[in-house]
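This report refers to the structure that appears directly beneath it.
The values are calculated or read from the model by the stated rules, or taken from the named source; none is laboratory data. The structure displayed is predicted, hence computed values, not measured ones. Note that each Cβ is placed from the backbone with ideal geometry, even for glycine, and that neighbours are counted across all protein chains shown. Heads up: the accessible areas ignore ligands, DNA and RNA and are worked out on the full protein's heavy atoms, side chains in. Shrake-Rupley method; radii C 1.70, N 1.55, O 1.52, S 1.80 Å.
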Amino acid sequence: MTLTKLLSHYRTLNLLSILLFIGLWQSLAFYLSDNSLPTPAMVAEVFWQETLSGQLPYHLGMTLLRLISSFVVAMLLGCAIGILLGGNKKLDAFFDNWLVIFLNIPALVTIILCYVWFGLVESAAILAVVINKLPNVVVTIREGTRALDKDLLEMTRCYRFSKLKTLRHVIWPQLHPFVMGATRSGLALIWKIILVVELLGRSNGMGYQLHLFFQLFDVAGILAYTIAFVAVIQLIELLILKPLDRKAGRWRR
Amino acid sequence: MTAITVDIINKSYPAAGQAGLHRAIANLKLSLPSNEFMCLVGPSGCGKTTLLNIIAGLDRDYSGEITVEQQHKEPKIGYVFQNPRLLPWRTVRENITLALPDDYDPKTVDALLETMQLTQAQHVYPERLSLGMSRRVAIIRAFAVDPDVLLMDEPFVSLDAPTARQVRELLIGLWQQRPHTVLFVTHDLREAIALADRLIFLSPPPMQALSEIRVDIPRNIRDDETAIEAFRQKLLQDHPEIRELL
Ligand SMILES: Nc1ncnc2c1ncn2[C@@H]1O[C@H](COP(=O)(O)OP(=O)(O)OP(=O)(O)O)[C@@H](O)[C@H]1O
Ligand SMILES: [Mg+2]
């Protein structure tokens with residue numbers, strides 16, 4: 001195969017870009033030869049040690065557990081509120097200000113306030129993440145609900161679709177892209193916030209662990225944990241979100 | 001048995017942006033006897049779709065009164081909208097069966113699909129259908145619910161002449177088999193004469209009924225072009241006001 005032909009394969013391109021990244025990293029680390037940037041091999045070594053000792057899976061697991069529970073709560077509540085506001089002009093006008101306020105509270109403030117008010121407990125941590133994520137979901141789903149096809153809704157009324165049937169066959173398929181959008185942006189947002197939540201008030205999880213590494217100036221540890229986390233998020237994207245997208249997009253031309 | 005009386009005093013669309021208030025219907029009185037086949041004929045933009053939406057109960061923002069009389073229960077309505085209104089994420093067959101009660105008989109759906117020549121396409125998603133095929137699916141959906149009132153808004157546009165003829169025959173066949181009240185909107189006077197018991201001519205907005213004309217051609221010679229044409233000529237002669245509409 002010629003080089004151009006090889007390059008035209010996305011898989012090879014992907015591989016090449018990753019190799020280039022590691023190569024750059026390696027040469028930079030070699031050039032600096034300093035503790036502040038360990039080589040990829042050193043990071044891999046730390047990653048392996050931490051995995052064997054069970055430390056990394058434990059902390060990663062705790063963080064993922066928090067991520068999943070706060071994500072589920074935020075999505076369910078957000079979808080319900082979003083559909084309600086999108087479908088009802090008066091409610092929407094009333095609660096619009098609330099949304100703007102919650103959208104603009106800095107994440108750090110909600111986290112600190114939750115810990116101050118409810119103590120350094122798990123539920124306070126989850127609540128802080130949910131409050132940060134919820135307004136985003138509501139706004140996205142509200143947009144989706146406003147954009148629902150009026151013609152199709154009239155059709156369902158005329159043919160007397162039950163509420164459940166309408167939700168499942170008419171509303172949900174139209175909201176699906178919005179829910180996927182909220183999911184993607186949500187995962188990215190939540191895992192950034194969750195580390196701060198753990199750093200400030202939990203004694204396990206990625207955030208806590210990163211804090212320890214920071215105090216020891218252990219950059220290799222920080223990088224090893226980061227890579228593990230990024231890999232997990234990529235897996236979620238590849239194994240759960242992409243297939244869902246494909247399944248929902250079957251009917252498109 | 002579903003007789004409909006329409007008495008709309010006023011239907012206006014509120015002003016929005018640059019567009020002012022639009023008075024679509026004013027003092028429209030119609031009485032639509034049970035199980036009759038009526039064709040509504042009127043110029044484009046006169047308010048026919050508006051009227052069907054009101055009768056279907058989709059639009060309640062009007063002053064006046066519509067009574068759809070039904071002995072015990074709420075009448076079932078079949079509505080072939082002016083655009084097909086299929087769910088793009090459900091297949092042709094699902095689009096039809098979703099409108100039916102849970103205990104529907106698959107055989108009736110099969111038979112309708114067959115007569116409409118859509119058996120091949122029944123598991124296809126609507127975005128891959130031609131407009132004429134989508135229209136036929138929408139027509140099947142309306143037929144399949146066994147409506148007490150059937151509303152059809154220019155259902156046969158974008159069908160080729162042979163298919164349109166076939167669907168017309170099916171429509172009349174189903175209607176004779178199981179009588180129900182039909183309101184059929186069309187621009188095509190020949191089509192209206194071929195189908196209707198009664199023609200209702202509507203004025204430009206604000207819409208009123210201009211005249212109602214019984215079509216007394218016997219059902220068994222309705223496929224005779226010359227009889228239809230003769231009726232049309234006589235109609236246009238006797239009612240010069242109609243000629244202006246068309
Ligand atoms: N939602 C709406 N808001 C404002 N005006 C509307 C709305 N729907 C219809 N109209 C106006 O009401 C009038 C009647 O519309 P309608 O769709 O009932 O006409 P029609 O007789 O069905 O026409 P056609 O034969 O072209 O389908 C038109 O002038 C149209 O501009
Ligand atoms: Mg119309």
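The requirement of being more than 9 Å from chain A (Cβ to nearest Cβ), open to solvent by 80 Å² or more (accessible area, probe 1.4 Å) and closer than 21 Å to B:Phe156 by Cβ is fulfilled somewhere in the range B:93-115, by at least one residue. Remark: pairs (first residue in the range A:161-180, over 18 Å from B:Arg141 (Cβ atoms); second residue assigned to a helix (DSSP H, G or I); Cβ separation under 6 Å; 6+ apart in sequence or on different chains) = A:Leu175/A:Gly144; A:His176/A:Ala248; A:Phe178/A:Thr140; A:Phe178/A:Ile141; A:Phe178/A:Gly144. Say whether the condition of being away from every other protein chain (no Cβ under 14 Å), surrounded by 11 or more Cβ atoms within 10 Å (Cβ to Cβ), farther than 20 Å from A:Arg66 by Cβ and not acidic (Asp, Glu) is met by at least one residue in the range A:236-243. Taking every residue of the range A:236-243 in turn, at least one turns out to be away from every other protein chain (no Cβ under 14 Å), surrounded by 11 or more Cβ atoms within 10 Å (Cβ to Cβ), farther than 20 Å from A:Arg66 by Cβ and not acidic (Asp, Glu).
Residues of the range B:102-125 include none that is within 16 Å of ligand 1 (Cβ to nearest atom) and at pLDDT below 90. The set of residues from the range A:203-217 being open to solvent by 50 Å² or more (accessible area, probe 1.4 Å) and either in contact with a helix residue (DSSP H, G or I) (Cβ under 8 Å, 6 or more places away or on another chain) or not in a loop (DSSP other than H, G, I, E, B) (or both) comprises A:Tyr208, A:His211, A:Leu212, A:Phe214, A:Gln215, A:Leu216.
Taking B:Val6 and the conditions (1) within 16 Å of ligand 2 (Cβ to nearest atom); (2) surrounded by 15 or more Cβ atoms within 10 Å (Cβ to Cβ), which numbered condition does it fall short on, given that it satisfies the others? Going through (1) within 16 Å of ligand 2 (Cβ to nearest atom); (2) surrounded by 15 or more Cβ atoms within 10 Å (Cβ to Cβ) one by one, B:Val6 breaks only (1). Across the range A:151-184, the number of residues qualifying as touching a helix residue (DSSP H, G or I) at 6+ places or on another chain (Cβ under 9 Å), within 8 Å of another protein chain (Cβ to nearest Cβ) and open to solvent by 20 Å² or more (accessible area, probe 1.4 Å) comes to 6. If you check B:Ser63, B:Ser44, which single one turns out to be open to solvent by 40 Å² or more (accessible area, probe 1.4 Å), of a type in the set (S, T, N, Q), more than 15 Å from B:Leu183 (Cα to Cα) and within 11 Å of ligand 1 (Cβ to nearest atom)? Matching residue, one of B:Ser63, B:Ser44: B:Ser44. Tell me whether the range B:1-10 contains one or more residues that are among the charged types (D, E, K, R) and either more than 10 Å from ligand 1 (Cβ to nearest atom) or over 16 Å from the mean Cα position of the chain (by Cα) (or both). Yes, the range B:1-10 contains a residue that is among the charged types (D, E, K, R) and either more than 10 Å from ligand 1 (Cβ to nearest atom) or over 16 Å from the mean Cα position of the chain (by Cα) (or both).
Every residue, every condition in (1) modelled with pLDDT under 90; (2) basic (Lys, Arg), yes or no:
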| residue | (1), (2) |
| --- | --- |
| B:Ala138 | no, no |
| B:Ser158 | yes, no |
| B:Ala161 | yes, no |
| B:Arg178 | yes, yes |
| B:Ala209 | yes, no |
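Under the condition of being touching a Phe, Trp or Tyr at 6+ places or on another chain (Cβ under 9 Å) and more than 9 Å from ligand 1 (Cβ to nearest atom), the residues counted in the range B:27-41 number 5.
Checking B:Leu150, B:Leu183 one by one, the residue that is within 14 Å of chain A (Cβ to nearest Cβ) and either within 16 Å of ligand 1 (Cβ to nearest atom) or free of Cβ contacts under 8 Å to residues at least 24 places away in the same chain (or both) is B:Leu183 and no other. Against the numbered list (1) of a type outside the set (Lys, Arg); (2) surrounded by 17 or more Cβ atoms within 10 Å (Cβ to Cβ); (3) within 16 Å of ligand 2 (Cβ to nearest atom), B:Tyr13 comes up short only at (2). Being surrounded by 14 or more Cβ atoms within 10 Å (Cβ to Cβ), assigned to a helix (DSSP H, G or I) and of a type in the set (D, E, K, R), is that true of even one residue in the range A:191-198? For the range A:191-198, residues surrounded by 14 or more Cβ atoms within 10 Å (Cβ to Cβ), assigned to a helix (DSSP H, G or I) and of a type in the set (D, E, K, R): present. Of all the criteria given as (1) in contact (Cβ under 8 Å) with a residue 40 or more places away in the chain; (2) closer than 27 Å to B:Thr2 by Cβ; (3) within 16 Å of ligand 2 (Cβ to nearest atom), the one not satisfied by B:Leu199 is (3). The residue of the range B:44-80 that is farthest from ligand 2 (Cβ to nearest atom), among those that are among the small types (Gly, Ala, Ser) and not in a loop (DSSP other than H, G, I, E, B), is B:Ser63.
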